[in-house]
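Visitor: Take a look at this one; I'll ask things after.
Rule-based calculations on the coordinates, nothing more; no lab input. This is a predicted model, so every value here is computed, not measured. Because the Cβ atoms are built from the backbone with ideal geometry, glycine has one as well, and the counts that use them run over all protein chains shown.
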Amino acid sequence: MPCKLTPVPDSPDFQGPKGQQVTLVATDHIGSVMIAKAEYAGTSLVPEGQAVSTITFPIAEGKNSLKLVFVFTASTAGRGELREQAGADSQFLRDVAGHEPFQLIKIVGV
């Protein structure tokens, strides 16, 4: 099953078919990496007080922000990646680092 998100040319943004489910996963490189907070199109994707490695949500219509806060066991030295998972397929979206735990990704639902 192919990934749903595609890069928007000349932009750090992504686009995908509205209504389709997307699964994003935090992968480890240095220490463990987890998603402590995630909000997309005004909806919280991580239960309060928890951290998760995977989030799943439907792509909303129009341009919406995915706001993520990561936590790292290796503190500011922590490193990892945010990837889209789709069955056997995986797509790199962003590098994540302990010294920059907040990430903002625009997703355009078409």
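Visitor: Read through the list (1) part of a strand (DSSP E or B); (2) touching a Ser or Thr at 6+ places or on another chain (Cβ under 8 Å), then give the number of the only condition that CYS3 fails.
Guide: Unmet condition: (1).
Visitor: Can you name every one of the strands (runs of 3 or more DSSP E) wholly within region 12-97 that holds 1 or more residues which are aliphatic (A, V, I, L, M), touching a strand residue (DSSP E or B) at 6+ places or on another chain (Cβ under 8 Å) and buried (at least 17 other Cβ atoms within 10 Å of the Cβ)?
Guide: Values: elements: 14-16, 21-30, 33-40, 54-58, 62-72, 79-86, 89-97.
Once the strands (runs of 3 or more DSSP E) in region 12-97 are filtered for at least 1 residues that are aliphatic (A, V, I, L, M), touching a strand residue (DSSP E or B) at 6+ places or on another chain (Cβ under 8 Å) and buried (at least 17 other Cβ atoms within 10 Å of the Cβ), what remains is 21-30, 33-40, 54-58, 62-72, 79-86, 89-97.
Visitor: Quick check on region 98-110: of everything there that is assigned to a strand (DSSP E or B) and more than 20 Å from LYS18 (Cα to Cα), which residue is farthest from the chain's Cα centre (by Cα)?
Guide: Just the residues of region 98-110 that are assigned to a strand (DSSP E or B), to begin with: 100, 102-109.
Remaining after also requiring more than 20 Å from LYS18 (Cα to Cα): 100, 102-103.
Working: GLU100: 14, PHE102: 11, GLN103: 8 Å.
Across region 98-110, the extreme among qualifying residues is GLU100.
Visitor: So which residues in region 1-29 are without any contact (Cβ under 8 Å) to a residue 60 or more places away in the chain and either in contact with a helix residue (DSSP H, G or I) (Cβ under 7 Å, 6 or more places away or on another chain) or of a type outside the set (Ser, Thr, Tyr) (or both)?
Guide: PRO7, PRO9, ASP10, GLN20, GLN21, ASP28, HIS29
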